[in-house]
Amino acid sequence: MPAPTISASAPGSLMLLGEHAVLHGHRALVAAVDQRLRVALSPRNDRTIEITSALGQHRTELETLEHHPRFHFVMEAIRRQAPTLPCGFSLQIESDFSHTIGFGSSAAVTVATVATLRAFARTPTDPDAVRDESIAVIRAVQGRGSGADVAASTHGGIVAYRAEPREVRVLTAQFDLCAVYSGYKTPTPEVISRVEELWADQPEALQHLYALINENVETGIAALEANDLRALGASLNAGQLLMDRLGVNTPELAAIVDALQADPGIHGAKISGSGLGDCAIGLGAPQAAHLPSPPIPASIAPAGFRIESPI
């Protein structure tokens with residue numbers, strides 16, 4: 001008789017400060033948010049793997065592990081754990097948020113899948129093990145990735161994160177955020193490539209800009225430690241200017257940020273994530289902003305991934 005279903009969930013995330021610079025040895029500030037993604041694994045009596053989500057379905061075998069363009073991260077997580085898996089299984093993926101919205105869905109599904117597979121294989125499921133394997137999955141698929149959003153989905157709360165050398169510091173705070181989708185997004189690896197091309201003939205100027213972004217992150221961390229939301233909002237506003245200078249702003253994102261910054265319920269606002277589309281975030285709850293799409297409210301998720309076995 002197959003073992004009981006194993007499930008795990010992980011929170012989405014929003015980048016607060018430090019985008020792009022975090023890929024170059026600097027710190028970033030990223031928040032786990034209260035929208036979660038869930039993965040449920042039901043063991044089978046054969047070697048078949050079935051994946052079902054809002055993105056579609058995929059069926060393959062443990063021996064072949066055929067990839068699917070909509071399940072890159074899930075299939076890479078399975079591939080890495082395959083030698084330890086006792087049998088086939090069905091994987092059901094559900095989320096509180098759409099994959100089109102910049103809530104770190106790739107990181108959340110990777111963390112939840114890795115945690116579920118490790119529990120199924122009876123390999124360690126401590127946060128460090130889940131985080132490090134999830135970062136390896138992301139980098140295998142994308143070719144690069146800081147792991148900041150993975151750290152937030154793994155540990156919860158607000159994470160001050162450095163990729164190399166790896167540093168994870170969880171900060172305790174609770175405040176309201178909102179995210180507003182621009183209507184489109186550019187894949188992160190493509191945005192990174194565009195930034196590198198834009199600054200190819202100004203490497204020293206780019207490194208100086210990354211240093212300024214890092215200084216702003218440190219200011220934001222100090223504001224969090226002092227529980228000073230106005231100061232944190234000022235850091236978000238400064239971060240927007242730096243993202244614009246980096247070259248990842250767009251007219252749509254600029255309009256959203258301007259509307260949020262003008263709203264009396266918002267302490268500060270900026271692009272969240274790599275830029276060239278996706279979301280802008282506001283610190284607080286908008287009262288009167290005229291926005292192109294409804295703001296998505298979010299609060300800080302104090303808990304990272306959770307394993308429930310059996311359900």
> Residues of the stretch 113-128 being assigned to a helix (DSSP H, G or I) and farther than 10 Å from A77 by Cβ, which ones?
Replying inline: A119, F120, A121, P127, D128
>> Suppose we filter the stretch 174-209 for residues that are touching a residue at least 40 places away in the same chain (Cβ under 8 Å), surrounded by fewer than 20 Cβ atoms within 10 Å (Cβ to Cβ) and among the hydroxyl-bearing types (S, T, Y); how many remain?
In response: 2
> How many residues, within the stretch 67-89, are within 25 Å of the chain's Cα centre (by Cα), more than 20 Å from A129 (Cβ to Cβ) and in contact (Cβ under 8 Å) with a residue 40 or more places away in the chain?
Replying inline: 1
> Is it fair to say S13 is of a type in the set (S, T, N, Q) and within 19 Å of the chain's Cα centre (by Cα)?
Replying inline: yes
> Within the bounds of the stretch 288-300, is there any residue that is in contact with a strand residue (DSSP E or B) (Cβ under 6 Å, 6 or more places away or on another chain) and free of Cβ contacts under 8 Å to residues at least 40 places away in the same chain?
Replying inline: no
> Hey, among E252, E196, which residue is outside any strand (DSSP E or B) and over 27 Å from P297 (Cα atoms)?
Replying inline: E196
>> List pairs: first residue in the stretch 33-61 and closer than 12 Å to F97 by Cα, second residue of a type in the set (F, W, Y) anywhere in the structure, Cβ distance under 7 angstrom, at least six positions apart or on different chains.
In response: V33/F103; Q35/F97; Q35/F103
> Quick one: L29 ticks every box in (1) part of a loop (DSSP other than H, G, I, E, B); (2) buried (at least 24 other Cβ atoms within 10 Å of the Cβ) bar one, so which box is it?
Replying inline: (1)
>> Being farther than 28 Å from L253 by Cα, crowded, with 17+ Cβ neighbours inside 10 Å, touching a residue at least 40 places away in the same chain (Cβ under 8 Å) and of a type in the set (A, V, I, L, M, F, W, C): is that true of F120 here?
In response: yes
> Residues G277, G239: which one is assigned to a loop (DSSP other than H, G, I, E, B) and not polar (S, T, N, Q)?
Replying inline: G277
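Conditions tested, residue by residue: (1) modelled with pLDDT under 95; (2) outside the structural domain of V195 (by TED's automatic domain parsing); (3) under 27 Å from E196 (Cβ atoms); (4) touching a Leu at 6+ places or on another chain (Cβ under 9 Å).
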| site | (1), (2), (3), (4) |
| --- | --- |
| S235 | no, no, yes, yes |
| G239 | no, no, yes, yes |
| N249 | no, no, yes, yes |
| G268 | no, no, no, yes |
| D278 | yes, no, yes, yes |
>> Restricting to the stretch 255-264, name every residue that is surrounded by fewer than 21 Cβ atoms within 10 Å (Cβ to Cβ), touching a residue at least 12 places away in the same chain (Cβ under 8 Å) and part of a helix (DSSP H, G or I).
In response: A255, Q261, A262
> Any residue at all in the stretch 156-174 that is part of a strand (DSSP E or B) and in contact with a Cys (Cβ under 7 Å, 6 or more places away or on another chain)?
Replying inline: no
> Given T113, T64, which one is outside the structural domain of I271 (by TED's automatic domain parsing) and either of a type in the set (A, V, I, L, M) or more than 25 Å from the chain's Cα centre (by Cα) (or both)?
Replying inline: T64
> Which residues, counting only those in the stretch 47-58, are closer than 10 Å to F89 by Cα and surrounded by fewer than 17 Cβ atoms within 10 Å (Cβ to Cβ)?
Replying inline: R47, T48, E50
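The values are calculated or read from the model by the stated rules, or taken from the named source; none is laboratory data. Note that this is a predicted model, so its numbers are computed, not measured. Virtual Cβ from ideal backbone geometry, glycine too; neighbours counted across all protein chains shown.
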